[in-house]
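A short worksheet on the structure shown next.
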Amino acid sequence: MSKRRSRPPDTAPGADPEKDCLDPEEIDFARANEELVEGTQPAKQEQNVNWGDLDGESEEQIAVINSWAPARAGWLRFLERIALLIERPANRLIGTAQLNPFYHTGTIAVLLLAIVGLTGFYLFVFFKYGFDASYNDVLTRIEEPFIARTIRAIHRYASGALMITTLLHAYRTLFMERFRGPRWLAWITGIVMTILLWFGGVTGYWLIWDQRAQLINDSFVNFLQTVTPFAASYMVMLTEAEISGVSWPLFLSVFAIHLLMFVVPAFFLWLHIKRLKRPKWLPPPYWVVGVGVVVVMVGLLFPAGMLPQGDLQRIPGPITIDPLFLFFLPASGNRVLSWSLWGGLLLLTAVFAVLPWLRLRRRSASIDGVALPATLPKVNIIKDRCNGCTVCAMDCPYGAIQMVERTDGKLHKYIAVEDPSLCVSCGICVGSCDVVAVTMGRIPPVMLWEDVSSRLTLAKMRNPASQLKVIFTCERHAAHGAKSYLEHSADMPEGTAVEVIPLSCVGTAPPDLLSRTLDEDVAEVQVVGCPPDDCTNREGNLWLEQRLVRERVPRLRRPYANAPISAYWLPPDDFSQAVEAATVLPATSGDEPAID
């Protein structure tokens with residue numbers, strides 16, 4: 001017997017699907033008004049609309065639907081192409097993109113931060129402060145006992161892995177352009193956390209007071225000489241502390257800074273995910289176990305070891321340099337190299353910090369003579385059609401829609417209220433509304449169907465004797481693997497034709513849009529999106545999959561449960577795999593009875 005899978009709630013707390021979320025397809029609005037809100041005017045019949053009832057609009061309006069899709073800059077797509085080339089061998093080796101560690105860099109970084117904190121607390125118990133005390137305690141009380149030595153190695157290697165995964169997460173966030181609009185807060189806090197974590201690693205090396213720590217101290221003195229008048233005073237203080245043997249206040253101060261470099265990033269992590277609904281803190285269990293096993297094995301096989309103790313009266317000998325935390329040491333003795341290095345890093349950091357407010361892409365001024373807005377449209381609720389079902393508010397990954405009680409005397413208890421300042425223009429809310437009450441900007445949602453209808457007409461004219469397969473996909477696939485199909489330059493077997501329809505996210509497509517497309521004399525309908533945990537908009541692929549297998553509203557209607565409608569979650573450069581695949585039909589879950 002298969003284990004019963006838990007289902008997410010269909011509606012928000014406080015909403016009763018039997019009373020508050022009445023479907024205009026299934027009730028008589030006039031009678032419902034008389035029974036539920038006696039004394040009010042009958043509900044408008046314009047509410048009785050779904051995706052199958054939409055009427056045609058003008059060709060000028062049809063062209064405007066193109067403004068929904070983001071147009072990332074070419075250099076961002078180039079960065080993504082590099083990532084895809086690196087990930088492809090990993091996907092082939094693992095056998096499935098769902099197990100790709102690159103998709104979990106953010107949550108793996110949180111896991112590593114927890115490991116660094118726990119191992120750091122253990123080391124703190126054994127640590128003393130001072131030139132001699134710090135070095136001798138690490139040498140005798142930490143490096144000699146097997147467990148303490150292993151914990152120290154885990155602490156060091158987990159810190160390095162934390163920096164690597166943080167930078168990889170930033171790289172993926174960059175090429176997906178997930179720093180626009182309300183996501184600027186996550187981007188800026190991510191930059192701050194990266195800087196603080198790096199500085200924490202440097203102070204960690206500094207605390208041991210070996211020859212590596214002495215070189216770090218020399219670099220700090222060079223910095224003081226360059227930008228402040230305090231270098232001489234600082235060296236006098238160090239010398240007096242070494243001679244007198246009272247150096248613990250200095251090392252306690254360094255430790256306090258080291259501790260702050262963990263505590264402050266933990267606070268910024270809260271800010272980092274503050275605007276996310278349903279944030280993920282940890283990776284899937286298999287990666288929790290896998291990362292834990294790897295860091296323990298590395299700690300066991302490669303002890304951190306000890307260098308000779310630092311001595312202010314002697315020049316340190318040759319040492320190995322950690323390229324993640326101590327990359328600056330080779331340039332510290334050369335003022336020109338040092339200024340070039342730090343100046344370049346500061347400039348690069350400043351550019352990254354202002355990215356959310358820079359125009360990196362050029363949106364077409366018009367399509368077929370129709371002017372397009374300069375920015376992506378935001379969520380817009382059509383209030384007269386909203387039936388208060390709360391699904392759009394539940395599905396929005398960023399909390400841009402809230403439900404409030406209606407005060408206009410209409411039938412339904414709740415009404416959706418949008419907050420454009422929190423909207424990232426993903427369109428997932430459009431796919432969550434089967435009564436066509438959500439759109440993007442001022443464009444009527446009918447345009448989504450009209451755009452599909454016009455594409456189908458042209459595809460049939462180009463291939464009058466071919467079986468037509470229609471594929472809905474996201475903008476990432478459209479920029480890579482689906483590009484040749486969009487340009488109709490891909491080789492297709494005789495008698496078959498493919499029409500690719502790009503959306504901002506596959507979650508934009510309501511199930512009824514897919515079934516209506518199938519009814520237009522189409523042989524097959526597919527949805528091709530990014531692998532799980534790799535969706536640019538976090539949950540678009542997840543929600544659509546659950547809608548198609550009838551585990552989440554709006555569900556694919558029962559008559560289409562065995563229709564040739566399928567979904568594939570593939571890396572953006574592997575689009576052709578879905579084109580060549582045989583149809584996989586969505587199946588209704590056997591755990592619970594399906595409800596239309």
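Observations
- When segment 184-193 is limited to residues that are of a type outside the set (Phe, Trp, Tyr) and surrounded by fewer than 19 Cβ atoms within 10 Å (Cβ to Cβ), the one that is farthest from Cys426 (Cα to Cα) turns out to be Val192.
- The lone exception for Asp434 - which of (1) in contact with a Gly (Cβ under 6 Å, 6 or more places away or on another chain); (2) closer than 21 Å to Ala561 by Cβ; (3) at pLDDT below 90 it fails: (1)
- Within segment 77-101, residues that are under 20 Å from Met176 (Cα atoms) and at pLDDT 85 or above have Cβ atoms under 9 Å from residues that are among the basic types (Lys, Arg) and outside any helix (DSSP H, G or I) in these pairs: Glu80/Arg72, counting only partners at least 6 apart in sequence or on another chain.
- Residue identified as within 26 Å of Thr173 (Cα to Cα) and acidic (Asp, Glu) among Asp533, Asp512: Asp533
- Meets criteria (at pLDDT below 90, surrounded by 14 or more Cβ atoms within 10 Å (Cβ to Cβ) and in the same structural domain as Phe328 (by TED's automatic domain parsing)) for Leu260: no
- For segment 310-326, a tally of residues being under 23 Å from Ala232 (Cα atoms) and either of a type in the set (S, T, N, Q) or in contact with a Phe, Trp or Tyr (Cβ under 7 Å, 6 or more places away or on another chain) (or both) returns 2.
Residue-wise test of (1) without any contact (Cβ under 8 Å) to a residue 40 or more places away in the chain; (2) under 18 Å from Ala69 (Cα atoms); (3) crowded, with 23+ Cβ neighbours inside 10 Å.
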residue	(1), (2), (3)
Asp491	yes, no, no
Ala497	yes, no, no
Ala509	no, yes, yes
Leu518	no, no, no
Ala523	no, no, no
Val528	no, yes, yes
Pro532	no, no, no
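- Residue match in segment 236-245 (condition: touching a Gly at 6+ places or on another chain (Cβ under 6 Å), crowded, with 18+ Cβ neighbours inside 10 Å and not aliphatic (A, V, I, L, M)): no
- Within segment 128-145, the set of residues being within 18 Å of Val246 (Cβ to Cβ) and surrounded by fewer than 18 Cβ atoms within 10 Å (Cβ to Cβ) comprises Lys128, Asp132, Ala133, Asn136.
- Residue satisfying condition, being within 18 Å of Thr105 (Cβ to Cβ) and charged (D, E, K, R), within set Arg180, Arg141, Arg172: Arg172
- Single residue of segment 536-566 satisfying the filter (of a type in the set (A, V, I, L, M, F, W, C) and without any contact (Cβ under 8 Å) to a residue 40 or more places away in the chain) that is surrounded by the fewest Cβ atoms within 10 Å (Cβ to Cβ): Ala561
- Filtering Phe251, Phe230 for residues that are surrounded by fewer than 17 Cβ atoms within 10 Å (Cβ to Cβ) and either more than 21 Å from Ala109 (Cα to Cα) or touching a residue at least 12 places away in the same chain (Cβ under 8 Å) (or both) leaves a single hit, Phe230.
- Complete set of residues in segment 434-489 that are in a strand (DSSP E or B) and either β-branched (Val, Ile, Thr) or surrounded by fewer than 17 Cβ atoms within 10 Å (Cβ to Cβ) (or both): Val438, Thr439, Gln467, Val470, Ile471, Thr473
- Members of segment 407-425 found to be at pLDDT 90 or above and at negative phi, listed by number: Tyr414, Ile415, Ala416, Val417, Glu418, Asp419, Pro420, Ser421, Leu422, Cys423, Val424
- Pick from segment 322-359, criterion of a type in the set (Phe, Trp, Tyr) and outside any loop (DSSP other than H, G, I, E, B), ranking: surrounded by the fewest Cβ atoms within 10 Å (Cβ to Cβ): Trp357
- Test: residue in segment 214-226 that is modelled with pLDDT of 90 or more, crowded, with 19+ Cβ neighbours inside 10 Å, out of contact with any helix residue (DSSP H, G or I) (no Cβ under 8 Å at 6 or more places or on another chain) and not acidic (Asp, Glu): yes
- Any hit, segment 315-322, residues being of a type in the set (Gly, Ala, Ser), farther than 28 Å from Thr189 by Cβ and out of contact with any His (no Cβ under 7 Å at 6 or more places or on another chain): yes
- Every residue from segment 102-146 that is free of Cβ contacts under 8 Å to residues at least 60 places away in the same chain and among the acidic types (Asp, Glu): Asp137, Glu144
The values are calculated or read from the model by the stated rules, or taken from the named source; none is laboratory data. From a predicted model like this one, the values you see are computed outputs, not experimental measurements. So basically every Cβ, Gly included, is an ideal-geometry build from the backbone, and we count neighbours across all protein chains shown.
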